[in-house]
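Okay, so here's the structure we're looking at.
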Amino acid sequence: MIVLGIESSCDETAAAIVNDKKEILGECVLSQEEHKSYGGVVPEIAARAHLEHIDEIIEKTLKNANIKLSDVDAIAASSGPGLIGGVVIGVMAGKALSLALNKPFIAVNHLEGHALTARLTSDVCYPYLLLLVSGGHCQILIVKNVGDYERLGTTIDDAAGEAFDKVAKMLNLGYPGGPMIEKMAAKGDENRFTLPHPLSNSGDMNLSFSGLKTAVRKIIESYSPDGKLEHAILNDKDTADICACFQKTAAECLTIKLEKAIRYFKASYPNGKDLVVAGGVAANTYLREALQKLADRHKLLFSAPPVRFCTDNGVMIAWAGLERFQNGYVNDLDFKPRPRWPLDENAPKAAGAGGVKA
């Protein structure tokens with residue numbers, strides 16, 4: 001079984017071809033550079049770039065895989081959540097190929113693409129505990145099966161990746177901010193500044209990063225003669241120390257809530273043995289090391305996709321589409337792209353959201 005996956009939900013135009021032997025036959029990713037000068041993704045620019053490049057990306061993917069479109073068994077497309085302009089372009093491309101080739105169309109929840117990637121790259125079995133951390137999402141979930149999720153906690157404000165980007169912007173480190181903060185943090189003193197851990201004593205598994213981001217802002221403003229952020233005077237050591245303290249505290253915020261989630265997971269699903277991290281922030285080495293220690297402490301197996309599969313890519317959409325197809329879930333061509341699509345609404349019983357069984 002061979003599935004073509006298309007990804008266009010944010011600022012990567014990507015496609016990939018994956019088979020049921022867990023082989024990546026071909027892939028191609030174009031990361032849009034147009035947004036760097038804006039310090040963030042501009043939806044209109046992203047949509048135009050997807051429209052301009054999506055055909056050539058699919059063609060290159062087929063060439064890399066050395067197969068013809070007729071060899072593909074199904075077409076999967078990231079169908080939400082995401083920037084709706086880009087999502088529409090990917091979905092329409094997928095539907096057009098599905099119609100022209102008379103092949104099944106599979107609408108993939110972008111978050112499910114991230115959630116299932118570890119099953120492609122590692123020996124991860126259902127059920128497993130998942131930390132999904134990216135620029136737009138931050139959730140703790142139990143992955144019971146394809147399309148079947150139990151959400152234990154979510155951010156009530158900023159996502160973790162969003163906080164990394166905003167702190168990087170305050171420090172004039174550029175965009176995307178996560179890799180720049182990690183690079184600077186490696187040279188810093190993570191104990192120099194004391195930062196808050198929002199919601200750490202809330203009793204639930206929800207997360208918050210807005211207060212942490214604000215605390216960092218106040219530290220930066222303290223280096224300004226007039227208290228204004230833009231006038232702050234920081235040397236390289238100050239910047240590195242702020243990055244290190246922020247990164248450490250963000251990781252602690254996540255592990256504090258994951259401790260609660262692990263206790264619930266082990267009590268409710270005694271056969272579960274895996275802790276998985278996915279999403280763009282999962283590329284952060286410091287966080288991976290913290291999660292590995294957490295998993296070891298609780299005798300769980302820790303898995304994270306290779307760094308190149310943490311950011312948006314076509315492989316994750318192709319694999320999620322393949323898993324859904326293997327379970328008999330396909331979508332009609334009147335499926336409407338969804339700018340918002342909570343992952344725990346993706347269960348098979350919600351036919352209008354996650355597809356209907358063939």
List, in order, the whole-Hz ³J(HN,Hα) value for each residue of the range 243-250 obtained from phi through the Karplus relation with A = 6.51, B = -1.76, C = 1.60 and θ = phi - 60°; use x for Gly and Pro.
-> 4, 5, 5, 5, 4, 4, 5, 4
Tally Lys/Arg at +1 and Asp/Glu at -1 over every other residue whose Cβ is under 13 Å from the Cβ of Ala282; what's the total?
-> -1
What are the semi-axes of the equivalent ellipsoid of the range 44-107, taken as the square roots of 5 times the eigenvalues of the Cα gyration tensor, listed largest first and rounded to whole Å?
-> 21, 15, 8
Cα centroid of the range 256-275 to Cα centroid of the range 141-170, whole Å = 17 Å
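How much net charge surrounds Ser268 when only other residues with a Cβ under 13 Å from its Cβ are counted (Lys, Arg +1; Asp, Glu -1)?
Details: positive: Lys144, Lys260, Arg263, Lys266; negative: Glu150.
With Lys, Arg at +1 and Asp, Glu at -1, the net is +3.
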Here the percent of antiparallel bridges among DSSP beta bridges lying wholly in the chain, to the nearest 5, is 65 percent
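Mind ranking Ser70, Ser208 by accessible surface for me, highest first, 1.4 Å probe? Before the final figure, lay out the partial values.
Details: Ser70 70, Ser208 10 Å².
Output order, biggest surface exposure first: Ser70, Ser208.
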Counting only residues 5 or more places away or on other chains, whose amide H sits under 5 Å from the amide H of Met205 once H atoms are built in the peptide plane?
-> none
Rounded to the nearest 10 degrees, what's the angle between the helix 84-101 long axis and the longest principal axis of the chain, both from Cα atoms, 0 to 90?
-> 20 degrees
Around Pro337, what is the net charge, scoring Lys/Arg as +1 and Asp/Glu as -1 over all other residues with Cβ under 14 Å from its Cβ?
-> +1
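I need the shape label for the range 84-243. Rule: rounded when a/c is under 1.5, else prolate if a/b > b/c, else oblate, with a, b, c from the alpha carbon gyration tensor. Numbers along the way, then the final one.
Details: a/c = 2.66, a/b = 1.84, b/c = 1.45.
Judged from the Cα gyration tensor, the range 84-243 comes out prolate (a/c at least 1.5, a/b above b/c).
So what is the 222 nm mean residue ellipticity for the chain from helices alone, if each DSSP H run of at least 4 adds -39500 (n - 2.57) and you divide by all residues, rounding to the nearest 500 deg cm²/dmol? Let's see the in-between values first.
Details: 10 runs with 148 residues, N = 358.
The helix-only estimate for the chain comes to -13500 deg cm²/dmol at 222 nm.
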Give a residue-ordered list of calculated ³J(HN,Hα) values for the range 110-115 (Karplus: 6.51 cos²θ - 1.76 cosθ + 1.60, θ = phi - 60°; whole Hz; x for Gly, Pro).
-> 3, 5, 5, x, 4, 5
Among Lys336, Lys21, Lys183, determine the one that fluctuates most according to a GNM of the chain built with springs between C-alpha atoms less than 10 Å apart.
-> Lys21
Using θ = phi - 60° and Karplus 6.51 cos²θ - 1.76 cosθ + 1.60, couplings along the range 47-52 (whole Hz; Gly, Pro as x) = 4, 4, 5, 4, 4, 6
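So which GluC sites (Glu not before Pro) in the range 39-87 end up in coil per DSSP with only 11 or fewer other C-beta atoms within 10 Å? It would help to have the intermediate numbers written out before the result.
On the way: sites: Glu44, Glu52, Glu56, Glu59; in loops: none.
Of the GluC sites (Glu not before Pro), not one in the loops of the range 39-87 has a Cβ with at most 11 other Cβ atoms within 10 Å.
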Between rounded, prolate and oblate, where does the range 42-179 land on the alpha carbon gyration tensor, with a ≥ b ≥ c its root eigenvalues, rounded for a/c under 1.5, else prolate if a/b exceeds b/c?
-> oblate
Express the accessible area of the range 193-345 per residue in Å², computed with a 1.4 Å probe while the remaining protein chains stay in the model.
-> 44 Å²
On the protein heavy atoms, probe 1.4 angstrom, tell me the percent of accessible surface of the range 65-202 carried by carbon and sulfur.
-> 51 percent
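Label the range 109-153 by shape, choosing from rounded, prolate and oblate, from the square roots a ≥ b ≥ c of the eigenvalues of the Cα gyration tensor; if a/c is under 1.5 it is rounded, and otherwise prolate applies when a/b is larger than b/c, oblate when it is not. Mind dumping the intermediate values first?
Working: a/c = 1.70, a/b = 1.26, b/c = 1.35.
Cα axes put the range 109-153 in the oblate bin.
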Cα long-axis angle, helix 285-297 against the chain (0 to 90 degrees, to the nearest 10) | 80 degrees
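Could you order Cys10, Cys125 so the one with the most accessible surface comes first? Probe is 1.4 Å. Before the final figure, lay out the partial values.
Values: Cys10 40, Cys125 60 Å².
Most to least solvent-accessible, the answer reads Cys125, Cys10.
The values are calculated or read from the model by the stated rules, or taken from the named source; none is laboratory data. Computed from a predicted model, the values in this text were never measured in an experiment. Reconstructed Cβ throughout: ideal geometry from the backbone, glycine too, with neighbour counts over all protein chains shown. Each accessible area value is taken on the protein alone, full model and side chains, heavy atoms only, with ligands, DNA and RNA left out. Shrake-Rupley method; radii C 1.70, N 1.55, O 1.52, S 1.80 Å.
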